[in-house]
């Protein structure tokens with residue numbers, strides 16, 4: 001058993017807190033600790049929105065502050081750390097869509113690599129020799145590349161990124177480790193599998209399929225549909241992040257997975273069947289809309305996470321199966337049609353991304 005690196009956060013900087021995982025994490029932190037304050041920094045790019053924070057800003061007026069800023073802005077981040085007694089950083093801000101990274105990789109290098117560097121330097125400068133600090137970096141299982149039909153990613157799996165997105169996240173992971181080893185910064189890293197749940201921007205597989213199905217549009221599945229992913233409900237992921245921040249060992253990496261391996265085609269089948277039960281299609285079945293399309297360039301065949309370390313050392317395990325998490329997710333999208341329609345009309349119409 002590894003000894004825990006106990007840390008009690010008081011003033012937490014969450015980067016990317018107006019995005020999908022970020023807004024769910026802010027809710028988790030504020031709900032679970034009545035003494036905690038959250039400073040929420042987001043550049044409000046296409047995937048982040050104040051609308052995602054409306055209930056938070058109403059409910060937690062005294063403990064949540066939103067700052068519209070770019071993590072790549074050296075002066076803004078330095079000023080923020082200089083004036084606020086931040087003791088914890090949870091770094092989620094990132095460009096995260098593989099298809100977009102294929103079409104426009106520069107934004108991924110800027111935000112994911114340089115943005116992480118700017119934050120590390122700002123934290124290092126402000127914290128100096130303070131012991132009661134923690135910089136937690138949220139990363140992805142995609143840094144490990146592609147698995148064959150067997151095996152699992154562990155924390156010691158060599159990095160082998162395939163896309164500009166995963167390469168940029170791999171670089172940021174290495175920066176965080178280097179700032180720990182070279183400068184003694186208290187850091188932890190988590191590499192998680194595919195997240196899904198409320199507030200996910202509808203360019204990603206599950207919300208895209210839900211919104212397309214409800215509009216009677218084709219459900220595009222890449223290649224033969226047999227690419228395998230491990231799926232993690234976002235609220236389980238947020239619980240894991242909080243556990244690592246409070247009890248993880250400084251310098252340590254934790255893989256976070258949902259123990260939910262599914263092929264993309266089987267996922268879409270389950271989604272169509274669940275949606276058919278909740279909101280039956282007027283004629284036919286939602287499965288009738290499934291369309292196999294040209295595969296993504298460099299599409300990794302299989303990801304699967306071994307989450308044994310976080311279970312054994314920190315006692316975290318996911319509470320949701322894929323079926324229960326998917327049902328919650330579909331119900332949320334059905335109940336928040338206005339949120340979806342605003343995005344579809346203003347920021348993303350469901351078009352294919354990442355073709356070269």
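General observations
- Ordering of 49-58, 163-172 by packing is 163-172, 49-58, highest average first (other Cβ atoms within 10 Å, averaged per residue).
- Averaging the Cα positions of each part gives two centres, and for the range 134-173 and the range 52-81 these lie 28 Å apart.
- For the range 185-258, relative contact order (Cα pairs under 8 Å, six or more residues apart, normalised by length) works out to 58 percent.
- Within the listed set 179, 316, 339, the residue fluctuating most in the Gaussian network model of the chain (springs between alpha-carbon atoms under 10 angstrom) is 339.
- Cα gyration tensor shape for the range 1-143, rounded if a/c is under 1.5, else prolate or oblate: rounded
- Each peptide in 106-117, 327-338 gets a packing score, the mean of other Cβ atoms within 10 Å over its residues, and the list from highest to lowest is 106-117, 327-338.
- In degrees, nearest ten, helix 164-183 long axis to first principal axis of the chain (Cα): 20 degrees
- Alpha-carbon Debye profile of the range 227-303, log10 I(q)/I(0) at 0.14, 0.15, 0.23 Å⁻¹: -0.69, -0.75, -1.08
- Report note on the peptides 211-219, 120-128, 87-95: ranked by the mean count of other C-beta atoms within 10 Å, highest first, their order is 87-95, 120-128, 211-219.
- Percent RCO, i.e. relative contact order, over the range 181-304, from Cα pairs under 8 Å lying at least 6 residues apart: 39 percent
- Tail weight of P(r) past 17 Å, computed on alpha-carbon pairs of the range 143-265, percent: 66 percent
- Among beta bridges from DSSP that stay inside the chain, the antiparallel ones total about 5%.
- Seen against the Cα atoms of the chain and their longest principal axis, helix 234-247 is set at about 20 degrees.
- Short-range pairs are left out: with C-alpha atoms under 8 Å and at least six residues apart, the relative contact order of the chain is 20 percent.
- Taking the convex hull of the alpha carbon positions in the chain and averaging its projected area over all directions gives 16.9 nm².
- For the range 266-290 and the range 31-46, distance of Cα centres in Å: 36 Å
- For the range 275-340, the Cα-based Rg and Dmax, in that order, read 17.6, 51 Å.
Coordinate-derived values only; no laboratory data. For clarity, every value in this text was computed on a predicted model and none was experimentally measured. A quick note on method: Cβ atoms are made from the backbone with ideal geometry, for glycine too, and the neighbour counts reach across all protein chains shown.
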